[in-house]
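Working notes for the structure below.
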Amino acid sequence: MRRAAWTLLCLGSLRTGGVFCQQQQCANPATTSTGTENFARMCGAGQNAACTASVSSVHQTANNPAGIAVDGSLLDLAAVALDVHAGIFHTLNTGVQFWSVDFGVVRRIQRVYIQSRNNHMDRLNGAQIWVGNQNTPFNNVCGTIVTGALVNNVDCNAFGRYLHVTVNNVFLHFAELMAFRPCACPAGQYDSTF
């Protein structure tokens, strides 16, 4: 029934000059309970593995790889009580620091979710999220975290293969990043190439 409604809505959109819309199915294991697909975990041959992540520098007391932020695990507060660097990557604090993920293909990013560590959330204040096709921290800004919190949701309507998070002269660290696009596009906003 729901699929038929979307089809009618989308066909109606065609008649009124809108762009073709198609129901997207969330059958991928990277789908979250909110009904959206996490592109940061849609890499590999089966499109069900973590994408490749990298980081500008590594803090000596936190030897976790950049990929820990796309492993699909949210921060374990009990583990953090024993080790403040458990479950996070951590950079140095001089100059521009960045974390990045390579989706492997161009993706349309609608929203970015970042789970910080449970202390020093203020270090994400002013962090910028960049999306584009160049593997550089300075593509197109799609959003800024104004005030860092444990959970940060940033609306972002951008296309690109790479996503970077940057800060300037401050430590960068977080536990998980998810990059979403809604599974079902609004009428008139579907592009069949993504």
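Listed values, structure above:
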{"item": "Theoretical gain in end-to-end length, Q134 to D122 [0.36 nm per residue, Cα-Cα removed]", "result": "1.5 nm"}
{"item": "Nitroxide proxy distance, nm - points 7 Å out along Cα→Cβ at V141 and D71", "result": "3.3 nm"}
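Where a number appears in this text, it was derived from the coordinates with a stated rule and is not lab data. Everything quoted here is computed from the prediction, not taken from an experiment. As a convention, Cβ positions derive from the backbone with ideal geometry for all residues, glycine included, and neighbour counts pool all protein chains shown.
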